[in-house]
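See structure below.
Just so it is clear, none of the values below were taken in a lab; they were calculated from the coordinates. Not measured: the values here are computed from a predicted model. Every residue, glycine as well, gets a Cβ built from its backbone with ideal geometry; the counts of neighbours run over all protein chains shown.
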């Protein structure tokens, strides 16, 4: 199971964070938190995207994340000092240092430049530098041989290693000839790529990984250089293919590695692909953190429940003991009355002896001799001369009698003890009710507050849905978005859908390196028909067709003119006939929290609380309000529903024209 990012991972991350749709260049830094010992979270405001979070765990990972640990109630000193220096600043660059596991972020605030250095090799660190690369503050002040990471010191990089991307034959020959290890270990350690990528280099080159490095030879070195260039080509071209690699672990397919591009050594493994490497990293590392945090919360909850259970158990034991002790005291009192005559005789004799000047030692001696002649004397077990009390054995029950008191007064002492114990028992019974009430209150209390995932994706500016088998389908909302969608996001392996009805959106089924399935095509057809003027007209079915991206052109025929958002379609069209209209909205509550819409089958696969709609008599706003009220009634959480599925957001997921809720 992968524990930390590799140098290749850092290179891919730096590529995404510094360019394209995933860029955080010019993002404004908001608050900074330290939710765990080695982890900080930087809240960013990204232009045209909104708020997002960059999570950095020193020595392990860095990526944009939706899986966040709770913010600490009391902020630690390191994030507070970071806020002092960079909060409100803007990110000027993100780059990798020398193909090492070091990420650098340039920040400018008020004309002052700083650099945040993230060390992702073990043990890891996060260090803020000034413009002269002097350390302002480190997360962990440490001293290594030749390196001091402390405030005021000039930051020094760890000893450089050979870059596998730029390595030349002469450098490789020197490395291999001077290594006592085998080929795979030499590549892993000397080129800073780690064991997995070293295995991949050996696999691509066809060289025996266990061969001695000294025996590799000139020809072998040339082959390894070619393998290295082939392996890291996606990093240079920017053509990444992020994925999780899975294998069977305890009868369940689980992800054990995350990659920015595919590896030959994993060609037999099941994979899950992502649009960005950041998303893949978050699904691999971030999700585990979220699961771990949830387990910790459950453990804390269980511990609290155990406290109540222990308290309840002790209270129940106390009640039983109070009842038993009260019963014992009552029995003693009753025994005293049962032996009234004998006890009265004993008290009379003892009082008489004391009045005649006998000492207690004399009385003890006399009682010892009188056991055979005075029956009552046999009841005496012991004499407490200091207190003037005797202990009697009343048919196996011990009773302490004060000779200064009457028999009823002695019995009353035990009755009073019984009453006191019964009062304690009543108090314990009340305490038990309080404990049970507290336990019920804990059980009823919502322990996991619903979190709203506010992350926005590029496709959410358009009409969109995700097919039952995971393909993104995205369509324009108007002429401008149709134009933008085709120019900016249409790629050669995508499928383009359209209808011949006016007002139909251009719709793309995004391939993202996969073969588009028939299921995705059919659901896209349902989407195109339902979100066109066919719905507005009140029809219940319609036709559409799909084509390849190369058939879409912005160049009109000679003498013709194309208005904005229109395109020329050339070549054969693949028709879907008589496709029924139908749509649904639902709530996504696992991971993402948002309202989704689209074909019924796709929405049912991914959403909860599915509500189907059909052409009807209510306009978009009215039907959206009805659906919103339904969700509030179901979830009993008005604030949560309003954030993820307000009437405006629901309306954006509905087909154009008038609708009604199916079956209502």
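The Cα-based radius of gyration and maximum Cα-Cα distance (Dmax) for the stretch 161-239 are 11.3, 36 Å.
On the principal axes of its alpha carbon atoms, the chain extends 143, 80, 54 Å, with the longest extent given first.
Shown is the FRET efficiency for residue 166 and residue 264, computed with R0 = 22 Å from the Cβ-Cβ distance and rounded to the nearest 0.05: 0.45.
For the stretch 621-664, the Kirkwood estimate of hydrodynamic radius, built from reciprocal distances between every pair of different alpha carbons, is 10.7 Å. When each of the peptides 175-184, 104-113 is scored by the mean number of other C-beta atoms lying within 10 Å of its residues, the order from highest to lowest reads 175-184, 104-113. For helix 407-444, what angle does its Cα long axis make with the longest principal axis of the chain, in degrees from 0 to 90 and rounded to 10? Around 10 degrees separate the two axes.
Over the chain, DSSP H runs of length four or greater, each weighted -39,500 (n - 2.57), average out per residue to a 222 nm ellipticity of -12500 deg cm²/dmol.
In summary, the stretch 7-149 shows an alpha-carbon radius of gyration equal to 0.98 times the 2.2 N^0.38 Å reference for compact globular proteins.
If you take the Cα centroid of the stretch 551-592 and the Cα centroid of the stretch 333-397, the two points sit 111 Å apart. Between the Cα long axis of helix 77-86 and the first principal axis of the chain there is an angle of about 30°, rounded to the nearest 10. Packing around the peptides 644-656, 135-147, taken as the average count of other Cβ atoms within 10 Å per residue, puts them in this order, highest first: 644-656, 135-147. Specify whether the C-alpha gyration tensor of the stretch 136-188 places it in the rounded, prolate or oblate class, a ≥ b ≥ c being the square roots of the eigenvalues: rounded for a/c under 1.5, otherwise prolate if a/b is larger than b/c and oblate if not. Prolate, since a/c reaches 1.5 and a/b exceeds b/c. Compared with the dominant Cα axis of the chain, that is its longest principal axis, helix 287-338 is turned about 10°. For the stretch 458-661, the calculated P(r), taken from all Cα-Cα distances in 10 Å bins from zero up to the bin holding the longest distance, is 9, 36, 35, 16, 4, 0, 0 percent. Each semi-axis of the equivalent ellipsoid for the stretch 1-73 is √(5λ) with λ an eigenvalue of the Cα gyration tensor; in descending order they amount to 20, 19, 8 Å. For residue 272, project a label point 7 Å along Cα to C-beta. Then give me every residue of the stretch 237-251 with its amide nitrogen under 18 Å of that point. Within reach of a label on residue 272, which here means backbone N under 18 Å from a point 7 Å along Cα→Cβ, the stretch 237-251 contributes 241-251.
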